[in-house]
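S.K.: Please find one structure pasted underneath; my questions will follow.
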Amino acid sequence: MGTLVALPRDMARELILSLDGHEFPVNLVKIDREKLYGAVEIEAFDEKGKPASIKVLGPDGRTLIDVGGTALATVTEDGSSVDRSVLSAVDSNGEPVESVSSSFTQPNVLSQAQPDDYLSQIVKSVYALESADGQPLDFLQDHLATGQMYNFPFSYRGGLEYDSAFVVGGRGGDDAFMVVGKPAALQFVKLNQAAVLDSVEEKEISADELDFELL
């Protein structure tokens, strides 16, 4: 059984939440599954009792590459290397995509959320909210204790798009959590009704194109 330990705080950044004109800074404390339930570490040894390590087999089928010996690179169609700083994001029509700023740079207004929207999220991260200025979060917790939940667009470092952040209360109303994720594309069907897949042109796959990702 795992042992519960204090989770480190993100002391470098304070997130400002705003509800009904009240602003309050909070610290995000990452809820780590490993810290809650513990973890199992598997060690492998060779026939001589020496620790075994994972290596990557090179394209030639003979060379073993140690950890850290490979890297990702961005290249053009002709194989020329490209610096990521010169790349820009565009949409499906080729129009530039405007980047979003980090949520830590401005107050974030909480809007009342619906349970269905919360339950249809694909969760990426869960944080416990703690007061960053030493003041109790009574105003927020009082609202959450009634069963209300709130959401706002959230981006940790900024980027091309926001995630959805939901602020929910814990059992008893003494805790507040922020659940970050993205809406799932769900297709609801009736009993005995088959789901309809998008039409995809069939392509014959040769043996050379098969890899483990297809299995």
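S.K.: Would you check which residues across region 47-71 are assigned to a loop (DSSP other than H, G, I, E, B) and of a type in the set (V, I, T) and list them? Let's see the steps before the verdict.
M.R.: Filtering region 47-71 for residues assigned to a loop (DSSP other than H, G, I, E, B) gives 47-50, 52-55, 58-63, 66-71.
Matches in region 47-71: I54, T63, V67, T70.
S.K.: Taking the condition of being surrounded by 13 or more Cβ atoms within 10 Å (Cβ to Cβ) and either within 16 Å of G169 (Cβ to Cβ) or in contact with a helix residue (DSSP H, G or I) (Cβ under 7 Å, 6 or more places away or on another chain) (or both), how many residues in region 98-126 meet it?
M.R.: 4
S.K.: Just the residues that are polar (S, T, N, Q), over 21 Å from the mean Cα position of the chain (by Cα) and not in a loop (DSSP other than H, G, I, E, B), please, taken from region 72-110.
M.R.: Within region 72-110, S81, S85 qualify.
S.K.: Now, a different point. Only residues in region 105-117 that are within 14 Å of D20 (Cα to Cα) count as the first member; pair them with residues that are polar (S, T, N, Q) and not in a helix (DSSP H, G or I), Cβ under 9 angstrom, at least 6 apart or cross-chain, and list the lot.
M.R.: P107/S18; N108/S18; V109/S18; L110/S18; L110/N151; S111/N151; Q112/Q148; Q112/N151
S.K.: Just need a number here: residues in region 174-193 that are under 23 Å from E14 (Cβ atoms) and either part of a loop (DSSP other than H, G, I, E, B) or touching a helix residue (DSSP H, G or I) at 6+ places or on another chain (Cβ under 7 Å) (or both).
M.R.: Matching residues across region 174-193 total 3.
S.K.: Condition first: hydroxyl-bearing (S, T, Y) and at pLDDT 90 or above. Now tell me which residues in region 1-59 satisfy that.
M.R.: Correct list: S18 only.
S.K.: Within the bounds of region 140-154, is there any residue that is in contact with a Phe, Trp or Tyr (Cβ under 9 Å, 6 or more places away or on another chain), over 18 Å from E23 (Cα atoms), surrounded by 15 or more Cβ atoms within 10 Å (Cβ to Cβ) and at pLDDT 90 or above?
M.R.: no
S.K.: Could you list, in sequence order, all residues of region 121-166 that are more than 15 Å from the chain's Cα centre (by Cα), polar (S, T, N, Q) and in a loop (DSSP other than H, G, I, E, B)?
M.R.: Q135, T146, Q148
S.K.: Name, by its number, the condition in (1) more than 12 Å from S101 (Cα to Cα); (2) of a type outside the set (D, E, K, R); (3) in contact with a helix residue (DSSP H, G or I) (Cβ under 8 Å, 6 or more places away or on another chain) that does not hold for Q148.
M.R.: With respect to (1) more than 12 Å from S101 (Cα to Cα); (2) of a type outside the set (D, E, K, R); (3) in contact with a helix residue (DSSP H, G or I) (Cβ under 8 Å, 6 or more places away or on another chain), Q148 is out only on (3).
The values are calculated or read from the model by the stated rules, or taken from the named source; none is laboratory data. The shown structure was predicted, so the numbers you read here are calculated from the model rather than taken from an experiment. Every residue, glycine among them, receives a Cβ derived from its backbone with ideal geometry; neighbour counts consider all protein chains shown.
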